[in-house]
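What follows is a set of notes on a single structure, which appears directly below.
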Amino acid sequence: MKYSRIIGTGGYLPEKILTNDDLAKIVETSNEWIVERTGIKRRHIRSPDETTTSMAGIAANRAIEAAGIDRSQIQMIVFATCTPDLFFPNAASTLQRLLGITATACPAFDVNIACSGFIYALSIADQYIRSGMVEHALVVGADSLTRLIDWSDRSTCILFSDGAGAVVLKADDKPGIYSTHLHTDGSYGDLLHVKGDVYNAPSCQYINMQGNAVFKVAVTKLGEVVEETLRFNNIDKEAIDWLIPHQANLRIIEATTRRLGFPMEKVILTVEDQGNTSAASVPLALDIGVRDGRIKPGNLLLFEAFSAGFAWGSALVRY
Ligand code: UT7
């Protein structure tokens with residue numbers, strides 16, 4: 001039996017930081033309101049000469065270096081993003097070129113599932129490794145959601161930010177990724193969307209979100225998918241060393257852990273310093289936990305995320 005193991009992680013956050021006080025100069029809000037309702041204190045904003053792919057390139061290079069492999073060994077790139085640099089070629093092909101991976105037997109493709117994208121991308125790469133088709137895969141989550149923000153909408157401009165995270169997966173006899181669980185319910189599509197299509201490509205489109213309604217469904221669905229993951233693997237929540245949730249809002253994370261009776265001390269949190277980096281959020285939190293030494297080899301990790309679609313998912317991973 002083959003499993004996928006995470007053998008390297010990497011992350012990148014742009015240098016420019018926007019604080020809550022900075023935002024209070026743009027819209028009618030306050031540091032107190034934002035901290036109380038979201039837990040966010042600051043977020044990173046990409047510079048004009050950065051792109052989703054350039055950020056992903058830095059994160060990917062860090063993950064490849066941590067994995068200790070040669071980039072020519074990568075046989076697949078799965079790139080989770082809803083903000084690619086171009087309509088096409090896709091972000092993954094651009095990243096392949098940026099990384100100097102010249103093998104054409106390295107398929108590179110995007111998955112667009114907004115904030116849940118990394119979990120979906122991980123699940124796809126995991127299937128290829130389990131089936132024996134691929135030995136090493138690069139899985140990336142990167143987004144530039146600040147490019148889709150209406151800076152006069154105080155309910156969204158306080159939440160979103162830019163960044164990139166990446167992991168290298170390797171085939172191994174030992175787990176690794178035990179299971180991934182993916183869900184979609186398209187009937188919720190109107191509650192969180194960015195309008196825009198190929199016919200209206202040049203016009204400016206912004207994130208439109210009914211935040212409170214999104215919040216309520218997110219808490220329910222994230223609780224359910226964590227319970228599903230534990231049940232599927234026949235383990236108790238006590239077996240989990242670290243919960244690595246999508247970092248949309250501290251209150252969503254707290255409500256989910258409360259529902260599960262899971263201690264907040266075992267949650268990797270980045271939301272305070274990063275806001276919601278969309279597809280980058282889970283791999284960035286993972287990378288921080290790995291690099292600061294909290295996540296140790298052999299730890300059992302549970303990833304979960306929720307996004308527009310609505311789509312949500314989880315992964316149970318032995319690090
Ligand atoms: O990645 C997945 C996608 N996104 C999410 O998961 C986000 C989910 N939702 C949220 O994080 C929260 O719903 C928000 C942070 C967006 C809003 O917090 P809330 O506690 O759900 O507030 P609300 O939408 O119920 O609004 C309460 C009040 C409203 O005023 P009125 O109508 O009661 O007078 C809003 O206009 O708060 C007002 N408000 C603000 N006030 C100060 C909304 N945004 C702000 C703001 N500053 N930035």
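The values are calculated or read from the model by the stated rules, or taken from the named source; none is laboratory data. None of these values were measured; they are calculated from a predicted model. No Cβ is skipped: glycine too gets one built from the backbone with ideal geometry, and neighbour counts run over all protein chains shown.
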Exercise for review: Filter segment 121-135 for residues that are closer than 20 Å to Gly186 by Cα and either crowded, with 24+ Cβ neighbours inside 10 Å or in contact with a Phe, Trp or Tyr (Cβ under 6 Å, 6 or more places away or on another chain) (or both) and give the result.
Suggested key: Ala121
Check your understanding: Got a sec? Which of Val282, Val217 is buried (at least 22 other Cβ atoms within 10 Å of the Cβ) and either free of Cβ contacts under 8 Å to residues at least 24 places away in the same chain or outside any loop (DSSP other than H, G, I, E, B) (or both)?
Key -> Val282
Study note, to complete from the structure: Of the residues in segment 248-281, those that are of a type in the set (S, T, N, Q) and over 18 Å from Asn20 (Cα atoms) come to Thr256, Thr257, Ser278, Ser281
Check your understanding: Has segment 164-187 got any residue that is over 30 Å from Ile74 (Cα atoms) and among the aromatic types (Phe, Trp, Tyr)?
Key -> no
Study note, to complete from the structure: Checking Glu32, Glu36 in turn, the sole residue that is more than 28 Å from Arg291 (Cα to Cα) and either surrounded by 15 or more Cβ atoms within 10 Å (Cβ to Cβ) or within 25 Å of the chain's Cα centre (by Cα) (or both) turns out to be Glu36
Practice item. With the checklist (1) closer than 28 Å to Arg97 by Cα; (2) surrounded by fewer than 15 Cβ atoms within 10 Å (Cβ to Cβ) in hand, flag the one item Leu13 doesn't pass. Key: (2)
Check your understanding: Could you say whether any residue in segment 232-246 is part of a loop (DSSP other than H, G, I, E, B), in the same structural domain as Gly289 (by TED's automatic domain parsing) and under 17 Å from the mean Cα position of the chain (by Cα)?
Key -> yes
Study note, to complete from the structure: Exactly one of Thr104, Thr94 is modelled with pLDDT under 95 and either among the β-branched types (Val, Ile, Thr) or within 16 Å of the ligand (Cβ to nearest atom) (or both), and that residue is Thr104
Exercise for review: Please find, within segment 84-110, the residue that is surrounded by the most Cβ atoms within 10 Å (Cβ to Cβ) out of those that are over 16 Å from Val140 (Cα atoms) and among the hydroxyl-bearing types (Ser, Thr, Tyr).
Suggested key: Thr102
Exercise for review: Please specify each residue of segment 23-65 satisfying the condition of being within 13 Å of the ligand (Cβ to nearest atom) and acidic (Asp, Glu).
Suggested key: Glu28, Glu32, Glu36
Practice item. Could you please find all residues in segment 239-288 being more than 17 Å from Gly117 (Cα to Cα) and among the small types (Gly, Ala, Ser)? Key: Ala239, Ala255, Gly261
Review point. Listed residues Leu269, Leu302; which is assigned to a strand (DSSP E or B), not assigned by TED's automatic domain parsing to the domain that holds Gly117 and not β-branched (Val, Ile, Thr)?
Key: Leu302
Review point. Just checking, how many residues over segment 123-159 are among the acidic types (Asp, Glu) and either more than 22 Å from Ser314 (Cβ to Cβ) or part of a loop (DSSP other than H, G, I, E, B) (or both)?
Key: 3
Exercise for review: For residues that are in contact with a strand residue (DSSP E or B) (Cβ under 6 Å, 6 or more places away or on another chain) and among the β-branched types (Val, Ile, Thr), scanning just segment 227-256, find the one that is nearest to the ligand (Cβ to nearest atom).
Suggested key: Ile253
Practice item. Pairs only if they're at least six apart or on different chains, beta carbon under 9 angstrom, first in segment 19-30 and in the same structural domain as Ser152 (by TED's automatic domain parsing), second near the ligand (Cβ under 7 Å from one of its atoms) and aliphatic (A, V, I, L, M); list them, first residue then second. Key: Asn20/Ile34; Asn20/Ile158; Leu23/Ile34; Leu23/Ile158; Ala24/Ile34; Val27/Ile158; Thr29/Ile158
